[in-house]
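I have placed the structure first, in the form of C-alpha cells, so that the comments after it can refer back to it.
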Amino acid sequence: MSTATVTKPKAPQPVRGGRRLSLPVLLLVIAGVLLLTSIVRLVTGADGITSTGQMSTALRLAVPIGLAGLGGLWAERSGVVNIGLEGMMILGTWFGAWAGYQWGPWAGVIFGVIGGALGALLHAIATVTFNVNHIVSGVALNILALGTTRYLSKFTFADAPQGSAKQSPPISSLGDFDIPGLSGWLDTLNEKHWFLVSDVAGLLGGLVTDLSPLTVIAVALVPVSWWVLWRTAFGLRLRSCGENPVAAESLGVNVYKYKYLAVIISGGFAGLGGAFLSIVASNVYLDGQTAGRGYIGLAAMIFGNWMPGGLAVGAGLFGYTDSLNLRGGTVNVHALILLLAILLVFGAAYLAWRKKYVPAVVTAVIAALMFVWYATTNDVPRQLVTATPYLVTLLVLSLSAQSLRMPKADGLPYRKGQGT
C-alpha cells in the first residue's frame, strides 16, 4: 500500500512595488526639511530662501510646470507618452495672447486651452490611430508648434499696436488678490526672522499672497484630477487603457475613445499652462516663452511617480529653483548648497542603513564636496543660478529613478481587437 504525500499549495506572494510614504511619515519628512532649512537660514543669513516673496514667486512659476505635468499625467495614464507637452504649451501661449489682446484675458485663457487641445489632437491621431512612435510624434509636434507660431506671429502681431514679429501687444491683467488678514499677518511673522516660525509663515504666506484667479484654478485642478482618475468609473476605464488595453477592451471599454479623450484633455492642460505664461506671468506673448517648461513638467510628473500629489510637489520644487533667478539668486543658491550637503549626509546614512554601501559612500563623498564648495566660496556664479532648475531636474530624476512605476502599457502600440 502506497501513501501519497499531499503538499499544501503555498499562498501567492504579493508583488512588491515601490514603497509609498504614509501620511505621518511624509509630514515628518516635510517637518524635518523645514527644520533644516530654518537652521541653514540662521547660519547663512540668507533670509530670502523662505521669504513670503520668494514663496509667492515660486508658486507663480510652478503653475505652468504643474499644468504641463498634469497634462502628461492624463495622457500617460491612458497609455500615451506625451513628449509634445512643450509644443502644446507653445500653442497655448500664442493662442492665449492672440485672443487675449483682442477680446480680454479670459477669452485668451479659453483660446489657450483650445490651442493646446488642437496640438494634442494631432498627437492623438498620430499615436492612437496610426500607431506612430510616441516620442517621434511628440518631438515633431514640438517643432511644428514652434515653427507655426513664429510664422503666424509675423502676420498677426507685427502690425498690431505695440506688437512685433516676436511679441504680442500687451494683454489686460486678470488681477490678483491676497487672503484678507491672513496674508498680512503671515508676512509680519515672516519678517521677524524667528527660528522655524518665520519660515513656516513665509511658506504659508506665499500661498495666500498675490494670487491670480488662474493660479487658484490651476491648484484646484490637482485634487480634481485625482478624484476623476481614481474615484470615478470614467477614471478607472481610462487608467485601465494605460495598464492593459486588451483586457479593458474585453470588458467593453472603447480604448481608442478614452485615449483620444485623455490626450486632448492633456493638451488642454498644457495649453492652459501656456496661456498662464502669456497672460499672467508676463502679460505678453514672447517667442521662446515656454523655455522648456513642458519638458520640466514631464520631469515633475515622473518625479511624482505618475500621481497628482507627487507631481504637485515636483512642480513646486522646480518652481522654487526657477524663482531663484528673480530674487537674490546667488546668495540664496549658495545657502542652498549647504542645505543640499546636509540632506545628502542624511541620504548617505539612510542608504548605509539599507545596506547599500556603494551608493552610500558615493553620496557621502558628494556631500563632502558640497561642504567644501560652500566653505570656500561666498556666492555662486550667476550662470549656475540660471541653470539651477535644469540641474535640479536631472538630480531629482536620477535619485528617484529606481522607485518609479509607470503605467504598464505606457507608450506601447495598440490595435483594436489585437487580443482576439
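The values are calculated or read from the model by the stated rules, or taken from the named source; none is laboratory data. Bear in mind the structure is a predicted one, so any value in this text is a computation, not a measurement. Virtual Cβ from ideal backbone geometry, glycine too; neighbours counted across all protein chains shown. In case anyone asks, the SASA skips ligands and DNA or RNA and just uses the protein heavy atoms, side chains included. Shrake-Rupley method; radii C 1.70, N 1.55, O 1.52, S 1.80 Å.
Segment 317-420 holds helices (runs of 4 or more DSSP H) entirely within its bounds, and those carrying 3 or more residues that are touching a helix residue (DSSP H, G or I) at 6+ places or on another chain (Cβ under 9 Å) and at pLDDT 85 or above map to 329-353, 357-375.
Taken across segment 63-70, residues that are under 30 Å from PHE157 (Cα atoms), open to solvent by 10 Å² or more (accessible area, probe 1.4 Å), part of a helix (DSSP H, G or I) and in contact with a Leu (Cβ under 6 Å, 6 or more places away or on another chain) do not occur at all. Take ALA31 and decide whether it is outside any loop (DSSP other than H, G, I, E, B), under 24 Å from GLY319 (Cβ atoms), open to solvent by less than 20 Å² (accessible area, probe 1.4 Å) and at pLDDT 85 or above. Judged against the criteria, ALA31 is not a match.
Could you list, in sequence order, the residues of segment 207-260 that are under 23 Å from PHE276 (Cα atoms) and hydroxyl-bearing (Ser, Thr, Tyr)? Hits for segment 207-260 are THR209, SER212, THR215, SER225. Exactly one residue out of LEU286, LEU236, LEU229 is in contact (Cβ under 8 Å) with a residue 12 or more places away in the chain, of a type in the set (A, V, I, L, M, F, W, C) and open to solvent by 10 Å² or more (accessible area, probe 1.4 Å), and it is LEU286. Starting from residues that are open to solvent by 100 Å² or more (accessible area, probe 1.4 Å) and within 18 Å of SER403 (Cα to Cα), keep the ones in segment 339-356 and report whichever is nearest to the chain's Cα centre (by Cα). Per the criteria, the residue is TYR350.
Contact map, segment 103-122: first residue touching a residue at least 40 places away in the same chain (Cβ under 8 Å), second residue β-branched (Val, Ile, Thr) and buried (at least 24 other Cβ atoms within 10 Å of the Cβ), Cβ cut-off under 6 Å, separation 6 or more or different chains; pairs are PRO105/ILE171; PRO105/ILE279; GLY108/ILE279; ALA120/VAL263.
Checked against (1) in a helix (DSSP H, G or I); (2) open to solvent by 30 Å² or more (accessible area, probe 1.4 Å); (3) touching a residue at least 24 places away in the same chain (Cβ under 8 Å), SER153 meets all criteria but (2). Report yes if PHE177 is closer than 25 Å to ALA58 by Cα and either under 23 Å from the mean Cα position of the chain (by Cα) or of a type outside the set (Gly, Ala, Ser) (or both), otherwise no. Judged against the criteria, PHE177 is a match.
Would you check if VAL222 is part of a helix (DSSP H, G or I), open to solvent by less than 20 Å² (accessible area, probe 1.4 Å) and more than 21 Å from PHE95 (Cα to Cα)? So VAL222 fails the test.
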